[in-house]
């Protein structure tokens, strides 16, 4: 079932196939939302019922590009249009002093720099959402 293929997701969230950027945003979103999986070993795959292609991921597959408030909670939006509410089901976690969040099924997003700076400007060093407090970084 495993096939060879040249799929890659750059650190900035850009998708590539056979060395060229996937310019059709709808196609990259389809891959990201319907076919992208991560296994127990941390390997990424584009998987359908009939085929499975490995995906090289430079950091994590998604980047948080925007945020909004929903009452007292913070809702983050990925570069692929998915939204996730920060809270106990989707906590922020620091990796090398950068916040990440599990979007779904072990697929993480890194907070983009501008979003992180805007959150720090609005909330300070800690963010409250979903009844919990999360650090946005360490001094």
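Identify which of 27, 107, 116 has the largest mean-square fluctuation in a Gaussian network model of the chain, with springs joining Cα atoms closer than 10 Å.
Its mean-square fluctuation being the largest, the pick is 27.
Could you work out the helix-only [θ] at 222 nm for the chain, with each DSSP H run of four or more residues adding -39,500 (n - 2.57) and the total divided by the number of residues, to the nearest 500 deg cm²/dmol?
Working: 2 runs with 17 residues, N = 139.
After summing the helix terms and dividing by the residues of the chain, the value is -3500 deg cm²/dmol.
Could you work out the relative contact order of the chain? I mean the mean sequence separation of Cα pairs under 8 Å and 6+ apart, divided by the number of residues, in percent.
19
Could you grab the relative contact order for the stretch 80-139? Cα pairs under 8 Å, six or more apart, rounded to a whole percent.
Relative contact order for the stretch 80-139 comes out at 33 percent.
Restricting to Cα atoms and excluding each atom paired with itself, what does the Kirkwood estimate give for the stretch 7-57 in Å?
Across the stretch 7-57, the inverse of the average 1/r is 11.2 Å.
No value in this document is a laboratory result; all are computed from the given coordinates. None of the values given here were measured: they were computed from a predicted structure.
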